[in-house]
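Below: the structure, in structure tokens.
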Amino acid sequence: MEKGGRKGYITIRLNRLCWFGHVQRMEENRIHKKVLYMNLETTGLRGRPRNRWQDEVREDGRIVDGEGWQEKVYNREEWKKLLRTARNRHILHMPLE
């Protein structure tokens with residue numbers, strides 16, 4: 001894959017974390033937060049379970065700041081600093097096959 005595609009992938013991952021932090025700081029009654037934690041009762045498909053959006057966010061957060069990343073979400077300045085560090089140091093850069 002060319003370099004532009006890899007940069008786009010990293011941008012998507014950073015924006016996903018940014019949006020997650022924004023929604024987490026919302027009040028509990030906001031529709032965005034309700035939808036984020038909504039549990040749909042559906043029958044699963046055969047084979048390996050698909051990754052959910054939250055699974056991807058959890059993995060990105062772990063890559064950026066280890067196990068303590070979720071506590072930083074509620075402090076907006078700490079969260080912005082964490083995202084800025086991830087962007088500047090290319091922490092979410094993963095080799096693509």
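The values are calculated or read from the model by the stated rules, or taken from the named source; none is laboratory data. Note that this is a predicted model, so its numbers are computed, not measured. Cβ coordinates were reconstructed from backbone atoms using ideal geometry, including for glycine residues, and neighbour counts include every protein chain displayed.
Okay, here's what the table says:
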read-out: Residue list for segment 70-97, restricted to those being farther than 20 Å from GLU27 by Cα and either small (Gly, Ala, Ser) or in a helix (DSSP H, G or I) (or both); value: LYS81, LEU82, LEU83, ARG84, THR85, ALA86, ARG87, ASN88, ARG89
read-out: In segment 6-46, the residues that are loosely packed, with under 10 Cβ neighbours inside 10 Å and small (Gly, Ala, Ser); value: GLY44
read-out: In segment 46-69, the residues that are among the polar types (S, T, N, Q) and closer than 21 Å to MET26 by Cβ; value: GLN54
read-out: Some residue of segment 26-45 being outside any loop (DSSP other than H, G, I, E, B), within 25 Å of HIS93 (Cβ to Cβ) and either modelled with pLDDT of 85 or more or more than 15 Å from the chain's Cα centre (by Cα) (or both); value: no
read-out: Residue match in segment 56-74 (condition: free of Cβ contacts under 8 Å to residues at least 12 places away in the same chain and closer than 15 Å to ILE12 by Cα); value: yes
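Yes/no per residue for (1) more than 15 Å from the chain's Cα centre (by Cα); (2) of a type in the set (D, E, K, R); (3) surrounded by 10 or more Cβ atoms within 10 Å (Cβ to Cβ):
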| position | (1), (2), (3) |
| --- | --- |
| GLU59 | no, yes, yes |
| GLN70 | no, no, yes |
| ARG76 | yes, yes, yes |
| LYS80 | no, yes, yes |
| ARG84 | no, yes, yes |
